[in-house]
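Q: Pasting in a structure now, in structure tokens, and then I'll have a few things to ask.
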Amino acid sequence: MAIAGQTFTGEDDDFQEIHDWLDAYEKKTGISIPMHIDGASGGFVNPFLYPDYKWDFRLPRVQSINASGHKFGLVPPGLGWVVFKERKIFNDELIFYVNYLGGEMPTATLNFTRGTAPIAVQAYMMLRLGRDGYTRIMRQNLDNAIHLRKRLVDSGYFVIMNEAQRIPVVALTLDKQVKKFNEFDVSAKVRERGWVLSAYTMPPDAQEVRSLRVVVRPHLNLTVIDTLANDIIGACQFLEKHGGTATAPQLHGHDRSAPKC
Ligand SMILES: Cc1ncc(COP(=O)(O)O)c(C=O)c1O
């Protein structure tokens, strides 16, 4: 499983390198391992901004891809997609056939009755915006993310974590010169102004690295981005003067491996 737009920094795994490694592994052992791509965020960005980028079924080992409708798919919470390369890859044992509402109906959900409104909204958005519309919105999001990143880096408080990032996510870490407060202090301080800014510690072996992450979706237009930048910089100026007190949350075992964004 490889990620297109990972949670902490928005960066991609190196799909081609993983693919090549699995090819070499198969040559050595005879074992062929397929790939799943977690495109929770990248799945609705890459096709529009980087049509020539091979992150998907163009890599022969890739058999399935997930993408979150409720992230860059631009629909309300509750919708995720999984696309299988071929029908036969989907495990039939996951399907229940139920005699319901006048006929036999296949169902592969974990629970039964669910709201379907986000699916209708997704269909509407795709028809309404089309490929051109999604491309324009993703381009705008990315331009706004680059603007926010520049403002925060120019403030002198932050350095960029994700030079290689493709999706509209700004991931920063505080400059080493900053001694009086940390990323969790900044997150707590801007919350007073109504912003929810994710601060993360990295997984094991990089725990001392912390990130501050902003996911830039269309509701953050340029005016709002500038307000956010002013609030983050204002929070840093306050903390520089008064000091911070926050500590990173202590996560253990399985908690750490299941980040929520
Ligand atoms: C890389 C990645 N995969 C999967 C998920 C889960 O997606 P969803 O909330 O749509 O289930 C997230 C974030 O929530 C994510 O950042």
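The values are calculated or read from the model by the stated rules, or taken from the named source; none is laboratory data. Since this is a predicted model, take the numbers as computed values, not measurements. Using ideal geometry, Cβ is built from the backbone for each residue, glycine included, and neighbour counts are taken over all protein chains shown. SASA here: full protein model, heavy atoms, side chains in, ligands and nucleic acids out. Shrake-Rupley method; radii C 1.70, N 1.55, O 1.52, S 1.80 Å.
Q: With every protein chain left in place, what is the accessible area of W195 in Å² (1.4 Å probe, nearest 10)?
A: The accessible area of W195 comes to roughly 50 Å².
Q: Considering only the other residues whose Cβ falls under 10 Å of the Cβ of F8, what net charge follows from Lys and Arg at +1 and Asp and Glu at -1?
A: Details: positive: R210, R213; negative: E11.
Net charge in that neighbourhood comes out at +1.
Q: State whether the stretch 1-118 is rounded, prolate or oblate according to the following rule on the C-alpha gyration tensor (a ≥ b ≥ c being the square roots of its eigenvalues): a/c under 1.5 gives rounded; otherwise a/b larger than b/c gives prolate, and the remaining case gives oblate. Working shown, then result.
A: Values: a/c = 2.78, a/b = 1.37, b/c = 2.02.
Since a/c reaches 1.5 but b/c is at least a/b, the shape of the stretch 1-118 is classed as oblate.
Q: A further question follows. For the chain, with the dipole built from +1 on Lys and Arg beta-carbon atoms and -1 on Asp and Glu ones, taken about the Cα centre, which of W195, G73, I18 lies farthest toward the positive end?
A: Selected residue: W195.
Q: Would you mind checking the pairs K150/K180; K180/K241; K71/K189; K54/K88; K150/K179 and listing those with alpha carbons more than 19 angstrom apart? Intermediate results must be reported in sequence, preceding the final value.
A: On the way: K150/K180 23 Å; K180/K241 8 Å; K71/K189 25 Å; K54/K88 23 Å; K150/K179 22 Å.
Pairs exceeding 19 Å: K150/K180; K71/K189; K54/K88; K150/K179.
Q: What does the accessible area per residue of the chain come to in Å², with a 1.4 Å probe and no ligands, DNA or RNA counted? List each step's numbers first, then the result.
A: Working: 15410 Å² over 261 residues.
It amounts to 59 Å² per residue over the chain.
Q: How high is the FRET efficiency from R87 to R58, r the C-beta distance, R0 22 Å, rounded to 0.05? It would help to have the intermediate numbers written out before the result.
A: On the way: r = 19 Å, r/R0 = 0.88.
The pair R87/R58 has a calculated efficiency of 0.70.
Q: Additional query: What's the longest piece of the chain with no exposed GluC sites (Glu not before Pro), counting a site as exposed if DSSP puts it in a loop and it has at most 11 other beta carbons within 10 Å?
A: Between exposed loop sites, the widest span is 1-85.
Q: Okay, helix-only estimate at 222 nm for the chain: each DSSP H run of n ≥ 4 adds -39500 (n - 2.57), divide by all residues, round to 500 deg cm²/dmol; what do you get? Please list the in-between numbers first.
A: Working: 6 runs with 92 residues, N = 261.
For the chain, the value works out to -11500 deg cm²/dmol.
Q: How much of the accessible area of the chain, probe 1.4 Å, is carbon plus sulfur, in whole percent?
A: Details: 8590 of 15410 Å².
The nonpolar share, carbon plus sulfur, comes to 56 percent.
Q: Using R₀ = 41 Å, calculate the FRET efficiency as 1/(1 + (r/R₀)^6) where r is the Cβ-Cβ separation of I31 and H147; round to 0.05.
A: Working: r = 47 Å, r/R0 = 1.15.
The pair I31/H147 has a calculated efficiency of 0.30.
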